[in-house]
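Here the structure comes first, spelled out in structure tokens, and everything after it is commentary.
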Amino acid sequence: MVVSPAHPAKAGWTFVKPSVVPGFGLTFGYTLLYLSLIVLIPIIGLFLKAAQVPLEDIVRIATAPRTLNALRVSFGASFIAALVNIVFGLIVAWVLVRYKFPGRRLMDAVVDLPFALPTAVAGIALSTLYAPKGWIGWLVSANGPLHLGWKIAYTPTGIVIALIFIGLPFVVRTVQPVLEEFEAELEEAAATLGANRWQTISMVILPRLMPAILTGFSLAFARAVGEYGSVIFIAGNLPNVSEIAPVLIVIKLEEFDQAGAAVIAGIMLVIAFVMLFVINLIQAWARRRFGDV
């Protein structure tokens, strides 16, 4: 006997979960309008501007050594900074969630400072520390007391440090809520079954945190790729050495080369989109594999 449903499903788009709040059409329309005005139309305008450039000029600009080096520094430094932030952001989030100690609330507030500080202020602060005559820069230089001969400012290393500074809160604030909701009973059960600390971390805790970690990585990476203000103070903007793509775009605009700036911006946008799309695919796989906390 086949029983037909009392309320047959309607064709068309529906909520993933039933909702008592009406107005899907209106809210969806506002969503499309808002995204179009804020995101889609500016991006389309950028590509239309780049499309006006002859193909041979696009190839020439895209394959110029200065452009390739700027893209390499931008994406390479952003990727390294995001990886470093995963490690230290996870440690900071773990300490803030799992331990109670004097000054914990102050430390928790300090994590948000890169959100509030203007990027130029962050760049000045970092250059004060890591410039050749800065406190740390002088300490590790060839003329410093340690005689290490290290140069941090005006090198890709300085860029990575600046990107770590501005990207750390994204990882901490993404992982922290998941750790707060993590069931301590799972760790206790693993210990009861004979798992040591490393097995508990690698087989119980990290798999459950993996979606949040990947989300924090993608946010930190995306933020780092577009960073400009803090980098210009510590990078030195040396062509083919410490010049990032956003700085090169600004230089092109100052030289009234809008076509070159549009081409480089378009290339940056495509590369960033592809990398973030791949990260999102990995993140979706992690949710299916380990579950979404």
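The values are calculated or read from the model by the stated rules, or taken from the named source; none is laboratory data. These numbers were taken from a predicted model, which means no experiment stands behind them. Reconstructed Cβ throughout: ideal geometry from the backbone, glycine too, with neighbour counts over all protein chains shown.
Quick look at the values:
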quantity: Check on ALA220, touching a helix residue (DSSP H, G or I) at 6+ places or on another chain (Cβ under 9 Å) and either closer than 23 Å to MET107 by Cα or surrounded by 16 or more Cβ atoms within 10 Å (Cβ to Cβ) (or both); calculated: yes
quantity: Filter pass, ARG98 being modelled with pLDDT of 90 or more and among the basic types (Lys, Arg); calculated: no
quantity: Residue pairs meeting the criteria (Cβ under 6 Å; at least 6 apart or on separate chains; first of a type outside the set (Ser, Thr, Tyr), in the range 188-200; second at pLDDT 75 or above); calculated: ALA190/THR200; ALA190/VAL204
quantity: Residues being touching a residue at least 24 places away in the same chain (Cβ under 8 Å) and either over 22 Å from SER230 (Cα atoms) or in a helix (DSSP H, G or I) (or both) - total across the range 114-130; calculated: 10
quantity: Residues that are in a helix (DSSP H, G or I) and under 19 Å from the mean Cα position of the chain (by Cα), drawn from the range 236-252; calculated: ALA245, PRO246, VAL247
quantity: Condition check for ALA222: over 16 Å from THR119 (Cα atoms) and assigned to a helix (DSSP H, G or I); calculated: no
quantity: Of all residues making up the range 47-101, the number that are of a type outside the set (A, V, I, L, M, F, W, C) and in a loop (DSSP other than H, G, I, E, B); calculated: 5
quantity: Unmet requirement for LEU46, which otherwise passes all of (1) over 21 Å from the mean Cα position of the chain (by Cα); (2) outside the structural domain of GLY167 (by TED's automatic domain parsing); (3) exposed (fewer than 14 other Cβ atoms within 10 Å of the Cβ); (4) not charged (D, E, K, R); calculated: (3)
quantity: Inter-residue pairs, beta-carbon under 7 Å, first within 20 Å of SER218 (Cβ to Cβ) and in the range 147-169, second of a type in the set (Ser, Thr, Tyr) and in a helix (DSSP H, G or I), 6+ apart; calculated: LEU163/SER78; ILE166/THR119
quantity: Subset of the range 227-282 that is among the hydroxyl-bearing types (Ser, Thr, Tyr) and surrounded by 18 or more Cβ atoms within 10 Å (Cβ to Cβ) - its residue that is farthest from ALA125 (Cα to Cα); calculated: SER242
quantity: Residue match in the range 182-193 (condition: in a loop (DSSP other than H, G, I, E, B) and surrounded by 18 or more Cβ atoms within 10 Å (Cβ to Cβ)); calculated: no
quantity: Enumeration of residues in the range 179-230 that are under 30 Å from ILE271 (Cβ atoms) and among the aromatic types (Phe, Trp, Tyr); calculated: PHE217, PHE221, TYR228
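To keep it simple, each residue is scored yes or no on (1) hydroxyl-bearing (Ser, Thr, Tyr); (2) assigned by TED's automatic domain parsing to the domain that holds ARG223; (3) assigned to a helix (DSSP H, G or I); (4) modelled with pLDDT of 90 or more.
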{"position": "ASP108", "(1), (2), (3), (4)": "no, yes, yes, yes"}
{"position": "ILE136", "(1), (2), (3), (4)": "no, yes, yes, no"}
{"position": "TYR154", "(1), (2), (3), (4)": "yes, yes, no, no"}
{"position": "LEU163", "(1), (2), (3), (4)": "no, yes, yes, yes"}
{"position": "LEU168", "(1), (2), (3), (4)": "no, yes, yes, yes"}
{"position": "ARG173", "(1), (2), (3), (4)": "no, yes, yes, yes"}
